[in-house]
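The values are calculated or read from the model by the stated rules, or taken from the named source; none is laboratory data. The model shown is predicted, which means the values in this text are computed figures rather than measured ones. Every residue, glycine among them, receives a Cβ derived from its backbone with ideal geometry; neighbour counts consider all protein chains shown.
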Amino acid sequence: MIIILNQNPEQEARDIIDFALMRSGWTIQNKSSINLHEAIGVAVREYQTDAGPADYVLFVDGKPAGIVEAKAFKESI
């Protein structure tokens with residue numbers, strides 16, 4: 001269960017992404033303390049790319065494998 005209190009929409013989206021990645025077996029790290037070999041799958045928050053920072057860069061066996069961008073969640077009514 002995710003409890004979200006007093007956060008902006010982007011922070012809420014990141015909490016949901018963190019939860020989903022962890023449930024899927026990814027190890028999540030901050031850009032300030034990266035160890036790409038801590039696990040087979042490592043997701044690094046705010047990783048710097050040539051095009052600017054990505055919300056998450058996914059690494060598999062230490063190699064970049066994907067990018068996840070956090071967007072505000074909008075419920076349709």
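Observations on the model:
- Residue list for region 10-29, restricted to those being closer than 15 Å to Val57 by Cα, under 9 Å from the mean Cα position of the chain (by Cα) and not aliphatic (A, V, I, L, M): Arg14, Asp18, Gln29
- Among the residues of region 55-66, those that are modelled with pLDDT of 95 or more and assigned to a strand (DSSP E or B) comprise Tyr56, Val57, Leu58, Phe59, Val60, Lys63, Pro64, Ala65, Gly66.
- Cβ-Cβ distances below 8 Å connect the following pairs, each with a first residue in region 29-42 that is closer than 16 Å to Ala54 by Cα, a second residue that is charged (D, E, K, R) and surrounded by 15 or more Cβ atoms within 10 Å (Cβ to Cβ), and a separation of six or more residues or different chains: Gln29/Arg45; Asn30/Arg45; Lys31/Arg45.
- Verdict on Gln48 being assigned to a strand (DSSP E or B), out of contact with any strand residue (DSSP E or B) (no Cβ under 7 Å at 6 or more places or on another chain) and touching a residue at least 12 places away in the same chain (Cβ under 8 Å): yes
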